[in-house]
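Taken together, the values in this text are just the output of simple stated rules run on the coordinates, not laboratory data. All figures in this text were calculated on a predicted structure; none of them were measured in a lab. Cβ: placed from backbone, ideal geometry, glycine included. Neighbour counts: every protein chain shown.
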Amino acid sequence: MIRVELVKMFRRPRTYVVAALLCGLPLIVAVFLATTRIPPPPGQGGAFLSAVLSNGALYPAAAMALVMPVFLPVSVAVLAGDAVAGEASAGTLRYLLVRPVGRTRLLVAKLVALVAFVLFAIVAVLVTSYLTGVALFGSEPAAGVALPADVTSMSGVTITPAGLALRLLGTVAYIVVSMLGVAAIALFLSTVTDSALGAAMGALAVLVTSQVLVTLDAAAAVQPYLPTRYWLAWIDFFRDPILWRDIERGVGIQVVYLLVLLGAAWANFTTRDVTN
Amino acid sequence: MGAGGTVVRAEARRRWALVLAVVVLLGSVPAVLAAWPVRAARIDAGVLRERIAASAAQPYHGFAQSTGLLGLPPLRNLEQVTALVSRTTQMRTWYAGPDRGRVDVVGGGTERDLYRTPDGQYVWDYGANQLTRVVGDQPVRLPTAADLTPPELARRLLALAAGDRVEPLAGRRVAGVAAAGLRIVPAAPGTTVAHVDVWADPASGLPLQAELTAKGGARPVFVSRFLEVTLGVPDARVLTPPAARPGMGFTVTAVPDVLGALNRWQRSAGLPDRLAGQPRRDAVDGTDAVGVYGTGLARFVVLGVPRRFGAEAYDNAEAFGRSIEMPGGRAALLATGLLTVLVVQGDRTYLAAGLVEPATLERAAADLAGAAA
């Protein structure tokens, strides 16, 4: 079942269109940065954007900071919202379930396919942004001085290329986990409604509300439990020593959302009347 | 069909009940942890105070957070200071001793680190890609985040309130440590501070949480507390400042902030010997541009500033506070409930600030207007 869902996802052109759009945003930003050489002011703009001007090897991290808050979650919400509701509205859900396929297995297969999409999209963004970064920033010597091979961490000490690779791997793993929460919310809504758009919009409404509350001091009491509170904690991989506190909490809260919403999706979907 | 529907409904109820049970279980974890009773060691408040005062040698490392609700508007050249008292600041801290430590102020995509080493201080600012070595003593400087970690803030407040009454407080779990508490009630009239509450590790005396509550307020307006703490010597590698290298800005300075620069530039600000009935008591040598007046927590600091800098500070104070009419000059007062700021302009300009009631600084304003003229 998982294999079927994976094959189905990677045969669909939309998978590649979404991945291409995700790769396109960092490319556009890189072109503007490289042509104007105007970095954002300290503490403003995307993370790592001022640092990439001196070393393009850090551009994958900057690219993650660009796609993470909006673009990637929107893609995941749209695909996850379509997972079950899309089959229902297209009339294929009934035929799918007529085959001896357990509904729980179908849900798990849909989730695995979503995880595979997130991994594929992130790796695509990392690879293209690394090539973009090195091509547009890395090869240009700053004021005639040869660029160091090492990257400066946020704490000022150098990160070796091997260390950078490890930290980027940690980033990929963390972002995949962070997107599990979004996928679980959209997948649950996808089992509630037959409208893929409705499910995606519902998930986005939850995320936007969460993002607004994260910036509101008055909502400090509930902030640790919001799904988007720790989304950008992967930036802490680039501090020295790595600051694990928010990363651990981020993983924990996503696991809670995944458990609860996947459980709700399972409770709803396995006993639901499939009429379409 | 009806019978089949009932079976399905029963199955649905069973599944939803399971999901609900998981939600209740997961949701109750934070509430149970918060409500778990604390058994802090019974310790006399006076003894705890002595242990806190003697805790400067206790090494530790941890993650702390300070939250200020003072709502001070950003004042030009002092933005970093006003942000400290008006926002939430997250700090990673490693402390090996009074002359060896590191405090990182971390935010989304930003980091500003202060290293204290036996041969000077280093400041690393990631946003500015700048490493600064600070040489020499800093008799006058602006407060930094390193002053707001719970141990530094609590020890400083307790030292200021040396003769004030101490009351015991109920224990509290701070960063996983069962901490013993004490309350300082300032005796000095004229301060805005109702009380200072401190919780500390009863064995080592290391302060873990400090709270300042203003008079008339129900909630503390400034809180600094550890969210994680480990008692023990931090790794020496962490305490080594980054090395300057190509592609990174590097400067060496003796005056890291505007206050130090002013002190250098203006050797004498002509500060009066008495202000608002309080004698001048300079806490540090070699400072003429700055004067300290008052006692206990009712102390206030007065600083002479160049007229141009003072004009900007005055405009800000007037815009967010209120102006005071007086012969021979003009003054603006900005009161936040806890911190009061005064700017007096005549031929000279004076800036005064302290945890004092507006009335005290209004009296000081009249004295300063005479001096400024």
Quick calc, region B:97-182, dipole around Cα centre from Cβ unit charges on Lys, Arg (+) and Asp, Glu (-), nearest 20 debye, gives 220
Relative to a virtual label point 7 Å from the Cα of B:A57 in the Cα→beta-carbon direction, which members of region B:98-126 show backbone nitrogen distances below 14 Å? B:98-99
Helix runs (DSSP H) in chain A reaching 30 Å along axis by Cα, Kyte-Doolittle at least -0.5: A:13-36, A:103-133, A:161-192, A:244-269
When the Kirkwood radius is taken over all Cα pairs of chain B, what Stokes-Einstein diffusion coefficient follows at 4 °C and 1.567 mPa s, in µm²/s? 56
Most mobile of B:P207, B:P234, B:P150 per a Gaussian network model of chain B (Cα springs, under 10 Å)? B:P234
Which values of log₁₀ I(q)/I(0), to two decimal places, follow from the Debye formula for region A:206-276 at q = 0.11, 0.23 Å⁻¹ with a uniform point scatterer at every Cα? -0.40, -1.01
Return the Cα extents of region A:2-269 along principal axes one, two and three, sorted largest first, each rounded to a whole Å. 68, 44, 30
Approximate spin-label separation A:A135-A:R37, in nm, with each point projected 7 Å along Cα-to-Cβ: 2.1
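Let me have the 222 nm mean residue ellipticity of the protein assembly as shown computed from DSSP H runs of 4+ only, each contributing -39500 (n - 2.57), with the sum over all residues rounded to the nearest 500. Before the final figure, lay out the partial values.
Working: 16 runs with 277 residues, N = 649.
For the protein assembly as shown, the value works out to -14500 deg cm²/dmol.
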Expressed in angstrom and rounded, the centroid-to-centroid distance over alpha carbons for region A:1-51 and region B:314-373 is 53
Place +1 on the Cβ of every Lys and Arg and -1 on the Cβ of every Asp and Glu in the protein assembly as shown, take the dipole about the Cα centre, and give the residue among B:P189, A:L216, B:L48 whose Cα lies farthest towards its positive end. A:L216
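Taking each full run of DSSP H in chain B as one helix, which ones are at least 24 Å long along their axis (Cα atoms) and have mean Kyte-Doolittle hydropathy of at least 0.0? Spell out each step's value before the answer.
Values: long enough: B:2-35 (48 Å, 1.17).
Taking the DSSP H segments of chain B (at least 24 Å long, mean hydropathy at least 0.0), we get B:2-35.
Size of the dipole of chain B about the Cα centre, Lys and Arg at +1 and Asp and Glu at -1 on the beta carbon, nothing else charged, in debye to 20? Mind showing how you got there, number by number?
Values: 40 positive and 33 negative charges, 205 e Å.
For this selection, approximately 980 debye.
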Relative frequency of Cα-Cα separations exceeding 21 Å in region B:45-239, percent: 52
Highest GNM mean-square fluctuation among B:L69, B:L48, B:L297, for chain B with Cα springs under 10 Å, belongs to B:L69
Potential extension, B:R307-B:A170 segment - 0.36 nm per residue separation minus Cα distance: 44.3 nm
What residues have an amide H closer than 5 Å to that of B:T192, excluding those fewer than 5 places away on the same chain, when H is modeled at 1.01 Å from N in the peptide plane? B:V356, B:E357
FRET efficiency, B:F320 to A:Q223 (Cβ-Cβ, R0 25 Å, nearest 0.05): 0.35
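So what is the relative contact order of chain B, in percent, for Cα pairs below 8 Å that sit 6 or more residues apart? Kindly include the intermediate steps, with their values, before the conclusion.
Details: 814 pairs, mean separation 58.9, N = 373.
16 percent.
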Long-range amide H contacts for B:G127: which residues qualify at under 5 Å (H placed 1.01 Å from N, peptide plane, sequence gap of 5 or more or a different chain)? B:E111
Per-residue ³J(HN,Hα) for region B:293-304, Karplus 6.51 cos²θ - 1.76 cosθ + 1.60, θ = phi - 60°, Hz, x for Gly and Pro: 10, x, 10, x, 6, 8, 7, 9, 10, 10, 9, x
At q = 0.10, 0.21, 0.24 Å⁻¹, the log10 of I(q)/I(0) for region B:266-372 from a Debye sum over equal Cα scatterers comes to -0.23, -1.08, -1.41
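Averaged over its residues, how many other protein chain Cβ atoms are within 10 Å of peptide B:97-109's Cβ atoms?
On the way: counts 0, 0, 0, 0, 0, 1, 0, 6, 0, 8, 2, 7, 17.
What the average comes to for B:97-109 is 3.
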Compactness of the protein assembly as shown - radius of gyration and Dmax, Cα, Å: 29.3, 96
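Sequence gap at least 6, Cα distance under 8 Å: using those rules, report the relative contact order of region B:45-239 to the nearest whole percent.
Details: 439 pairs, mean separation 51.6, N = 195.
Value for region B:45-239: 26 percent.
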Förster radius 56 Å - calculated FRET efficiency between B:R9 and B:V233, Cβ distance, rounded to 0.05: 0.35
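Can you pull out the trypsin sites (Lys or Arg not before Pro) in region B:40-81 that DSSP calls coil and that have at most 10 other Cβ atoms within 10 Å? Walk me through the numbers before you get to the answer.
Details: sites: B:R42, B:R49, B:R51, B:R76; in loops: B:R42, B:R76.
Here the sparse-neighbourhood loop sites are B:R42.
Counting other C-beta atoms within 10 Å, and keeping those with at most 12, which DSSP coil chymotrypsin sites (Phe, Trp or Tyr not before Pro) do you find in region A:143-238? If you can, show how the numbers build up before the last one.
Working: sites: A:Y174, A:F188, A:Y225, A:Y230, A:W231, A:W234, A:F237, A:F238; in loops: A:Y230.
Within region A:143-238, no chymotrypsin sites (Phe, Trp or Tyr not before Pro) qualify (loop, at most 12 other Cβ atoms within 10 Å).
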So how far apart, in nm, are the two label points at B:D137 and B:D273 if each is 7 Å from Cα heading toward Cβ? 2.5
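Over chain A, what is the mean sequence separation of C-alpha contacts under 8 Å (at least six apart), divided by residue count, expressed as relative contact order in percent? All intermediate terms of the calculation are to be shown ahead of the outcome.
Values: 360 pairs, mean separation 70.8, N = 276.
Computed over chain A, the figure is 26 percent.
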If I model a spin label as a point 7 Å beyond the Cα along the Cα-Cβ vector, how far apart are those points for B:S28 and B:A359 in nm? 5.3
